[in-house]
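Inspection log for the structure reproduced underneath, given as C-alpha coordinates.
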Amino acid sequence: MSKASFICGIVAGPLFVLSFLIQGAVRNGYDPLRHPVSSLALGDHGWVQSATFLVAGALTTVFAVGLRRNLRRGPGRLWGPLLVGVWALGLVGAGLFTTDPVSGYPADSPDLLPAYGSAQAALHDAVSLVAFVAILGACIVFARRFAADNRRGWALYSTATAIVVLVTLGLSNAAFAQSPNLVAFGGLFQRIMIVAAWSWLTLLAQDVSRVLDERPEPSER
(Lines give C-alpha, C1' and ligand atoms only; values in the text may rest on other atoms or scores of the structure.)
Protein backbone atom coordinates (compact mmCIF):
# COMPACT_ATOMS: atom_id res chain seq x y z
CA MET A 1 0.00 0.00 0.00
CA SER A 2 2.81 2.40 0.87
CA LYS A 3 4.54 2.15 -2.50
CA ALA A 4 1.27 2.28 -4.40
CA SER A 5 0.22 5.43 -2.54
CA PHE A 6 3.39 7.24 -3.59
CA ILE A 7 2.94 6.11 -7.19
CA CYS A 8 -0.51 7.71 -7.02
CA GLY A 9 1.12 10.93 -5.82
CA ILE A 10 3.67 10.84 -8.62
CA VAL A 11 1.08 10.20 -11.34
CA ALA A 12 -1.66 12.64 -10.29
CA GLY A 13 0.06 15.91 -11.19
CA PRO A 14 1.37 15.02 -14.66
CA LEU A 15 -2.01 13.47 -15.52
CA PHE A 16 -3.87 16.63 -14.48
CA VAL A 17 -1.52 19.00 -16.30
CA LEU A 18 -1.40 16.92 -19.49
CA SER A 19 -5.19 16.72 -19.55
CA PHE A 20 -5.81 20.47 -19.34
CA LEU A 21 -2.99 21.24 -21.80
CA ILE A 22 -4.50 18.97 -24.44
CA GLN A 23 -8.04 20.17 -23.83
CA GLY A 24 -7.00 23.83 -23.94
CA ALA A 25 -5.21 23.29 -27.24
CA VAL A 26 -8.16 21.70 -29.04
CA ARG A 27 -11.19 23.45 -27.54
CA ASN A 28 -12.80 25.96 -29.93
CA GLY A 29 -12.92 29.51 -28.56
CA TYR A 30 -10.83 28.65 -25.52
CA ASP A 31 -7.73 30.77 -24.84
CA PRO A 32 -5.33 29.14 -22.33
CA LEU A 33 -3.73 32.51 -21.64
CA ARG A 34 -7.07 34.08 -20.70
CA HIS A 35 -9.45 31.40 -19.46
CA PRO A 36 -9.28 29.31 -16.27
CA VAL A 37 -8.73 25.56 -16.27
CA SER A 38 -12.12 25.08 -14.60
CA SER A 39 -13.86 26.58 -17.66
CA LEU A 40 -12.88 23.43 -19.55
CA ALA A 41 -15.66 21.72 -17.59
CA LEU A 42 -18.20 23.82 -19.53
CA GLY A 43 -19.54 22.82 -22.92
CA ASP A 44 -20.08 19.57 -24.79
CA HIS A 45 -16.86 17.90 -23.66
CA GLY A 46 -16.79 19.38 -20.20
CA TRP A 47 -17.04 15.92 -18.63
CA VAL A 48 -13.37 15.36 -19.50
CA GLN A 49 -12.17 18.12 -17.19
CA SER A 50 -14.65 17.13 -14.50
CA ALA A 51 -13.31 13.58 -14.66
CA THR A 52 -9.74 14.94 -14.55
CA PHE A 53 -10.50 16.75 -11.30
CA LEU A 54 -12.06 13.62 -9.79
CA VAL A 55 -9.30 11.22 -10.83
CA ALA A 56 -6.48 13.53 -9.75
CA GLY A 57 -8.28 14.16 -6.46
CA ALA A 58 -8.74 10.45 -5.81
CA LEU A 59 -5.10 9.67 -6.58
CA THR A 60 -3.90 12.48 -4.33
CA THR A 61 -6.18 11.34 -1.52
CA VAL A 62 -4.47 7.94 -1.62
CA PHE A 63 -1.10 9.68 -1.57
CA ALA A 64 -2.12 11.81 1.44
CA VAL A 65 -3.08 8.66 3.36
CA GLY A 66 0.24 7.02 2.50
CA LEU A 67 2.09 10.16 3.48
CA ARG A 68 0.40 10.23 6.87
CA ARG A 69 1.21 6.58 7.54
CA ASN A 70 4.86 6.81 6.55
CA LEU A 71 6.17 10.16 7.73
CA ARG A 72 8.38 9.81 10.77
CA ARG A 73 8.15 12.06 13.80
CA GLY A 74 9.02 15.69 13.28
CA PRO A 75 7.48 19.01 12.24
CA GLY A 76 4.50 18.66 9.93
CA ARG A 77 3.91 14.96 10.46
CA LEU A 78 0.22 15.65 11.05
CA TRP A 79 -0.44 18.91 9.22
CA GLY A 80 1.54 18.13 6.08
CA PRO A 81 -0.51 15.08 5.00
CA LEU A 82 -3.70 16.70 6.28
CA LEU A 83 -3.24 19.76 4.07
CA VAL A 84 -2.36 17.57 1.08
CA GLY A 85 -5.59 15.71 1.80
CA VAL A 86 -7.56 18.97 1.82
CA TRP A 87 -6.02 19.84 -1.55
CA ALA A 88 -7.13 16.43 -2.83
CA LEU A 89 -10.68 16.83 -1.55
CA GLY A 90 -10.79 20.31 -3.08
CA LEU A 91 -10.01 18.75 -6.45
CA VAL A 92 -12.85 16.28 -5.99
CA GLY A 93 -15.17 19.14 -5.09
CA ALA A 94 -14.07 21.09 -8.16
CA GLY A 95 -14.99 18.07 -10.25
CA LEU A 96 -18.40 17.69 -8.64
CA PHE A 97 -19.36 21.38 -8.80
CA THR A 98 -19.19 23.18 -12.15
CA THR A 99 -17.93 26.77 -12.40
CA ASP A 100 -19.66 29.74 -14.04
CA PRO A 101 -18.56 31.16 -17.41
CA VAL A 102 -15.94 33.89 -17.10
CA SER A 103 -13.83 36.09 -19.38
CA GLY A 104 -16.02 35.36 -22.38
CA TYR A 105 -15.88 31.56 -22.42
CA PRO A 106 -17.94 29.76 -23.60
CA ALA A 107 -18.64 31.97 -26.60
CA ASP A 108 -21.38 34.58 -26.19
CA SER A 109 -21.23 34.42 -22.40
CA PRO A 110 -20.57 37.61 -20.40
CA ASP A 111 -17.10 38.43 -19.13
CA LEU A 112 -18.39 38.30 -15.55
CA LEU A 113 -21.81 37.35 -14.22
CA PRO A 114 -23.26 39.94 -11.79
CA ALA A 115 -23.92 37.12 -9.30
CA TYR A 116 -23.30 33.38 -9.14
CA GLY A 117 -25.40 31.53 -11.68
CA SER A 118 -25.93 28.58 -9.37
CA ALA A 119 -25.05 27.17 -5.97
CA GLN A 120 -22.75 24.74 -7.79
CA ALA A 121 -20.64 27.59 -9.13
CA ALA A 122 -20.37 29.17 -5.69
CA LEU A 123 -19.32 25.84 -4.21
CA HIS A 124 -16.79 25.35 -6.98
CA ASP A 125 -15.10 28.65 -6.19
CA ALA A 126 -15.20 27.94 -2.45
CA VAL A 127 -13.62 24.48 -2.63
CA SER A 128 -11.06 25.66 -5.18
CA LEU A 129 -9.94 28.52 -2.94
CA VAL A 130 -9.68 26.17 0.05
CA ALA A 131 -7.64 23.75 -2.07
CA PHE A 132 -5.12 26.38 -3.16
CA VAL A 133 -4.76 27.72 0.38
CA ALA A 134 -4.24 24.15 1.57
CA ILE A 135 -1.45 23.38 -0.90
CA LEU A 136 0.18 26.70 -0.06
CA GLY A 137 0.02 25.74 3.61
CA ALA A 138 1.43 22.29 2.86
CA CYS A 139 4.43 23.90 1.17
CA ILE A 140 5.07 26.01 4.27
CA VAL A 141 4.66 23.06 6.64
CA PHE A 142 7.07 20.90 4.67
CA ALA A 143 9.52 23.79 4.31
CA ARG A 144 9.71 23.85 8.11
CA ARG A 145 10.11 20.08 8.23
CA PHE A 146 12.90 20.10 5.64
CA ALA A 147 14.65 22.95 7.44
CA ALA A 148 14.56 20.94 10.67
CA ASP A 149 16.12 18.02 8.78
CA ASN A 150 18.80 20.39 7.43
CA ARG A 151 17.63 19.79 3.86
CA ARG A 152 18.07 23.37 2.73
CA GLY A 153 17.43 22.80 -0.95
CA TRP A 154 14.02 21.29 -0.30
CA ALA A 155 13.23 23.90 2.34
CA LEU A 156 13.99 26.72 -0.13
CA TYR A 157 12.09 25.00 -2.94
CA SER A 158 9.03 24.51 -0.74
CA THR A 159 9.13 28.13 0.38
CA ALA A 160 9.55 29.38 -3.20
CA THR A 161 6.60 27.27 -4.32
CA ALA A 162 4.45 28.75 -1.55
CA ILE A 163 5.38 32.27 -2.69
CA VAL A 164 4.62 31.48 -6.34
CA VAL A 165 1.23 29.99 -5.41
CA LEU A 166 0.36 32.99 -3.24
CA VAL A 167 1.33 35.60 -5.85
CA THR A 168 -0.28 33.87 -8.84
CA LEU A 169 -3.42 33.09 -6.85
CA GLY A 170 -3.87 36.82 -6.25
CA LEU A 171 -3.08 37.73 -9.85
CA SER A 172 -5.38 35.12 -11.36
CA ASN A 173 -8.27 36.04 -9.07
CA ALA A 174 -7.87 39.70 -10.02
CA ALA A 175 -7.74 38.77 -13.70
CA PHE A 176 -10.91 36.67 -13.53
CA ALA A 177 -12.57 39.58 -11.73
CA GLN A 178 -11.84 41.48 -14.99
CA SER A 179 -8.98 43.72 -13.86
CA PRO A 180 -8.24 45.57 -17.13
CA ASN A 181 -4.47 45.11 -16.96
CA LEU A 182 -4.60 41.43 -15.99
CA VAL A 183 -7.69 39.87 -17.57
CA ALA A 184 -5.92 38.78 -20.76
CA PHE A 185 -3.45 36.70 -18.71
CA GLY A 186 -5.68 35.14 -16.06
CA GLY A 187 -5.28 31.67 -17.52
CA LEU A 188 -1.51 32.06 -17.67
CA PHE A 189 -1.27 33.14 -14.03
CA GLN A 190 -3.47 30.25 -12.95
CA ARG A 191 -1.49 27.74 -14.98
CA ILE A 192 1.76 28.91 -13.40
CA MET A 193 0.15 28.38 -10.01
CA ILE A 194 -1.22 24.95 -10.87
CA VAL A 195 1.98 23.68 -12.48
CA ALA A 196 4.08 24.99 -9.57
CA ALA A 197 1.82 23.27 -7.03
CA TRP A 198 1.65 19.98 -8.90
CA SER A 199 5.38 19.94 -9.64
CA TRP A 200 6.16 20.38 -5.95
CA LEU A 201 3.70 17.67 -4.94
CA THR A 202 4.96 15.23 -7.57
CA LEU A 203 8.58 15.73 -6.53
CA LEU A 204 7.58 15.43 -2.87
CA ALA A 205 5.99 12.05 -3.59
CA GLN A 206 9.15 10.93 -5.37
CA ASP A 207 11.35 12.14 -2.54
CA VAL A 208 9.35 10.53 0.25
CA SER A 209 9.16 7.28 -1.73
CA ARG A 210 12.95 7.31 -2.18
CA VAL A 211 13.57 7.98 1.50
CA LEU A 212 11.19 5.16 2.38
CA ASP A 213 13.08 2.78 0.08
CA GLU A 214 16.34 3.71 1.78
CA ARG A 215 15.10 3.03 5.28
CA PRO A 216 16.74 0.00 6.86
CA GLU A 217 14.43 -2.94 7.37
CA PRO A 218 13.52 -3.52 11.02
CA SER A 219 15.62 -6.30 12.47
CA GLU A 220 13.88 -9.52 13.35
CA ARG A 221 14.12 -10.91 16.84
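The values are calculated or read from the model by the stated rules, or taken from the named source; none is laboratory data. No experiment lies behind these values; they were computed from the predicted model shown. So basically every Cβ, Gly included, is an ideal-geometry build from the backbone, and we count neighbours across all protein chains shown. For accessibility, only protein heavy atoms count, side chains too; no ligands or nucleic acids. Shrake-Rupley method; radii C 1.70, N 1.55, O 1.52, S 1.80 Å.
Across all Cα pairs in the chain, the calculated P(r) in 10 Å bins from zero up to the longest distance comes to 9, 33, 33, 17, 7, 1, 0, 0 percent per bin.
Per residue, how much accessible area does region 143-202 have with a 1.4 Å probe, in Å²?
Numbers: 2810 Å² over 60 residues.
So region 143-202 comes to 47 Å² accessible per residue, rounded to a whole number.
Per residue of the chain, the DSSP helices (runs of n ≥ 4 H) give a summed -39500 (n - 2.57) that works out to -24500 deg cm²/dmol at 222 nm.
Residues with beta-carbon under 15 Å from that of Gly137, excluding Gly137: net charge, scoring Lys, Arg +1 and Asp, Glu -1?
Numbers: positive: Arg77, Arg144, Arg145; negative: none.
Charge balance near Gly137 sits at +3.
For region 145-158, the Karplus equation 6.51 cos²θ - 1.76 cosθ + 1.60, evaluated at θ = phi - 60°, returns couplings of 5, 5, 5, 5, 8, 6, 9, 5, x, 5, 4, 5, 5, 5 Hz by residue, with Gly and Pro reported as x. Karplus-based coupling profile of region 163-178, in residue order and whole Hz: 5, 4, 4, 4, 5, 6, 5, x, 5, 5, 4, 5, 5, 6, 7, 6, with θ = phi - 60° in 6.51 cos²θ - 1.76 cosθ + 1.60 and x standing for Gly or Pro.
Once C-alpha pairs closer than 8 Å and six or more residues apart are averaged by separation and normalised to the residue number of the chain, the relative contact order reads 25 percent. Surface analysis of region 42-107 yields an accessible area of 45 Å² per residue, using protein heavy atoms and a 1.4 Å probe. From the Kirkwood radius over Cα pairs of region 107-221, Stokes-Einstein at 20 °C and 1.002 mPa s returns a whole-number translational diffusion coefficient of 130 µm²/s. For the chain, the share of accessible area belonging to carbon and sulfur comes to 66 percent (1.4 Å probe, ligands and nucleic acids excluded).
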